[in-house]
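Take a look at the structure below.
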Amino acid sequence: MNHFTRSTTVRGALLAATALLAVGQTSAQADPYPHGHHRHGHGNWMYVTVTHGDARADGSRGSGSRAGASRDALLLCDPPRGHARAADACAELDAASGDIGAVPRKDALCPMIYAPVTARAQGVWNGTRVTYARTFSNTCEMSALTRDVFALDA
């Protein structure tokens, strides 16, 4: 494991721990919404990562390839913050009930160029744990299928 991978892993772990602490602090208070009936959007967050290169969603790598640069963000949605397009990403996730695979596709004409990018997310949406990982052929395909959820370069 090289220095870059370790520092990215440590940074990701620290961001996730911070989010869990924030969620834990609100959970420690009396729940004004008993029996799991939370108000819409309460405590919704996603830790999202985009890795360029052939680091596949299952964690394996293509033959002889190396993973490229990674970007990450902690998307908080009550209120939207922590992400370049937080308001749009939160609205898209809200419309899909936190299911990234159900985010409506954006019309796009993507080039048939293989420049793999892996998108990963983990978090909590409406009280349910969410995990997502998928490798796309290129950033255009990722953007078309996930809209603003993984738009970290904006």
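Throughout, read-outs are computed from the coordinates displayed, never taken from laboratory work. Small disclaimer: the values here were computed from a predicted structure and weren't measured. Note that we place each Cβ from the backbone using ideal geometry, even for glycine, and neighbour counts take in every protein chain shown.
Worth a mention:
- DSSP-assigned coil residues among chymotrypsin sites (Phe, Trp or Tyr not before Pro) in region 61-154, each with at most 11 further Cβ atoms within 10 Å: Y114
- Other residues lying with their Cβ under 13 Å from the Cβ of L93 contribute a combined charge of -4, Lys and Arg counting +1, Asp and Glu -1.
- The residues neighbouring P80, those whose beta-carbon lies less than 15 Å from its own, together hold a net charge of -2 under the Lys/Arg +1, Asp/Glu -1 convention.
- Compactness check for region 69-154: Cα Rg over 2.2 N^0.38 Å is 1.05.
- Cut-off 10 Å between beta-carbons: net charge of the residues surrounding T146, Lys and Arg +1, Asp and Glu -1: +1
- Computed 3J(HN,Hα) for region 104-119, one whole-Hz value per residue from the Karplus formula 6.51 cos²θ - 1.76 cosθ + 1.60 where θ = phi - 60°, is x, 5, 9, 5, 7, 9, 9, x, 8, 10, 8, 9, x, 9, 10, 10, glycine and proline marked x.
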